[in-house]
1. Do any trypsin sites (Lys or Arg not before Pro) in the stretch 204-253 lie in a loop, going by DSSP, with at most 16 other beta-carbon atoms within 10 Å of their beta carbon, and if so which?
2. Going by the alpha-carbon gyration tensor, a ≥ b ≥ c the square roots of its eigenvalues, is the chain rounded (a/c under 1.5) or, if a/c is not under 1.5, prolate (a/b greater than b/c) versus oblate?
3. Taking the 0 to 90 degree range and rounding to the nearest ten, how far is the long axis of helix 323-351 tilted relative to the main principal axis of the chain, both from C-alpha atoms?
4. How high is the FRET efficiency from residue 138 to residue 181, r the C-beta distance, R0 30 Å, rounded to 0.05?
5. Magnitude of the Cβ-charge dipole of the stretch 1-141, K/R +1 and D/E -1, about the Cα centre, nearest 20 debye?
6. If you place +1 on the Cβ of every Lys and Arg, -1 on the Cβ of every Asp and Glu, and leave all else neutral, what size is the dipole of the chain about its Cα centre, to the nearest 20 Debye?
7. Can you pull the one-decimal nm distance between simple spin-label points at residue 44 and residue 372, each 7 Å off the Cα toward Cβ?
8. Per-residue counts of other Cβ atoms within 10 Å, averaged by peptide: what ranking do you get for 238-246, 186-194, highest first?
Amino acid sequence: MSAESTTVGIIGAGPAGLALANLLQRSGVACVVLELRERAYVEERQRAGVIDHFVGQIFEESGLAEALTAGMPVETLLEIRNEGVPRFLDGPGLAGGRPSRLVPQQMLVRRMIGTFQDGGGDLRFGARDITLHDLDGARPRVVYRDADGTERELTCDYLAGCDGYHGVSRGSIPDGELTTYRFDHRLGWYTVLADSPAPRYPLMAISRHGFAAQFARGPHASRFYLQHPYGEDPRNWSDEYTWEQLRLRLGDDALPIGAITGREVVEMRSFVVEPMAYRKLFLVGDAAHIITPMGAKGMNLAVTDAYVLARAIIAAEEKGDGSGLAAYSDVCLRRTWDYQEFSRWFSEMVHEAGDHSEDGAFRRKLAQARLERLFSSPTAGAAFADLMAGTPV
Ligand SMILES: Cc1cc2nc3c(=O)[nH]c(=O)nc-3n(C[C@H](O)[C@H](O)[C@H](O)COP(=O)(O)OP(=O)(O)OC[C@H]3O[C@@H](n4cnc5c(N)ncnc54)[C@H](O)[C@@H]3O)c2cc1C
């Protein structure tokens with residue numbers, strides 16, 4: 001077996017792993033990234049689309065902004081249509097001039113891979129059968145099979161589990177060490193990707209027919225979200241029915257129809273494990289927490305965790321200061337729960353409007369009142385915009 005060693009072993013090349021790798025590289029801390037999938041798969045995976053202002057600042061501070069987000073549009077207004085009537089929320093203005101950026105996740109991932117590799121970074125795709133060993137020891141080990149099928153061993157000072165919800169890192173932590181919190185929002189969510197021109201502004205529509213949203217995915221494509229009855233499978237909705245529902249909910253008879261290129265049911269669930277670390281293994285991003293897409297915080301949490309961990313490792317390596325590592329889990333969990341609450345609050349506001357259950361009429365009124373408050377109270381609008389912009393660590 002081929003044996004090597006490095007300072008930080010990073011498992012997974014999603015937003016969390018790649019952000020961590022780039023931040024460490026900038027400070028000269030050695031790391032190796034092991035990714036299960038092939039490069040093309042990782043670079044094509046379409047998911048999130050917003051980098052909040054705080055994450056933008058992380059990239060600025062670390063000198064990565066030009067490489068990662070140059071040319072990506074800056075958020076201006078958010079359009080919220082209520083039963084077809086449009087209103088516009090100036091999020092950046094309400095947040096004191098802190099705009100987010102519209103950055104498709106696959107573009108960010110592509111740029112992070114390019115930047116890391118251009119800087120001489122060691123990123124290994126097709127790393128299979130990863131197992132973690134000696135987690136209780138001073139130097140944990142990763143054993144895996146490389147793309148050629150050769151078994152390899154990587155000994156590390158620190159391990160970063162950035163391998164998402166289905167990865168191996170979290171499950172390698174001994175039983176009884178983690179507390180798991182799960183929540184099913186009991187909301188049906190269906191997303192389609194379509195060759196339909198991007199909306200002028202990110203668009204959310206609240207209606208008695210259910211929630212719908214439209215976000216840009218580049219200039220010529222849109223990702224649409226549609227609420228559907230919980231427990232039913234919308235994947236058999238015909239294209240015709242999907243467009244009919246979108247036109248109805250968006251209140252736009254002229255919505256341009258294009259080819260639907262992707263369909264996915266989004267599980268509206270939340271998940272958090274505590275703590276986010278075990279000895280020298282640190283869980284980062286979706287490996288430690290899943291959040292619903294309402295509020296667009298999943299990718300932002302992943303990058304922010306990576307930032308907190310990178311700072312802590314750099315302080316430990318450069319100054320022998322281990323306090324950041326000791327605080328890593330608490331710092332990240334505070335933000336995670338804050339955003340989980342925001343995401344739930346946001347979900348209730350936009351989804352209850354289409355609730356047809358027994359107490360649905362009452363809940364619809366509450367949802368409308370919550371929405372109204374964003375426009376009638378500058379304080380409420382600013383609180384919402386503050387969370388959208390992302391709060392500093
Ligand atoms: C349909 C959809 C829409 C979303 N919309 C939004 C949104 O609007 N805004 C938002 O902020 N977030 C959104 N999210 C969430 C966001 O995409 C995730 O929070 C984000 O990808 C988390 O990044 P991560 O790096 O932690 O995990 P991931 O992106 O899951 O990356 C984990 C990486 O680890 C690799 N891996 C897994 N197992 C192994 C293994 N055994 N060995 C090695 N590597 C492994 C995977 O291949 C992957 O590359 C959405 C998610 C989905 C599914």
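1. On the way: sites: 208, 217, 223, 235, 247, 249; in loops: 208, 217.
Answer by residue number: 208.
2. Prolate, because a/c is 1.5 or more and a/b exceeds b/c.
3. Its long axis makes an angle of about 20 degrees.
4. Once rounded, the FRET efficiency stands at 0.45.
5. My answer is approximately 140 debye.
6. Dipole of the chain, to the nearest 20 debye: 580 debye.
7. My value for the distance between the label points is 4.9 nm.
8. On the way: 238-246: 15.1, 186-194: 20.1.
So the peptides 238-246, 186-194, ranked by packing, come out 186-194, 238-246.
A short reminder: the numbers here are calculations on the coordinates, not readings from a lab. A quick note: this is a predicted structure, and the numbers were derived from the prediction, not measured. Because the Cβ atoms are built from the backbone with ideal geometry, glycine has one as well, and the counts that use them run over all protein chains shown.
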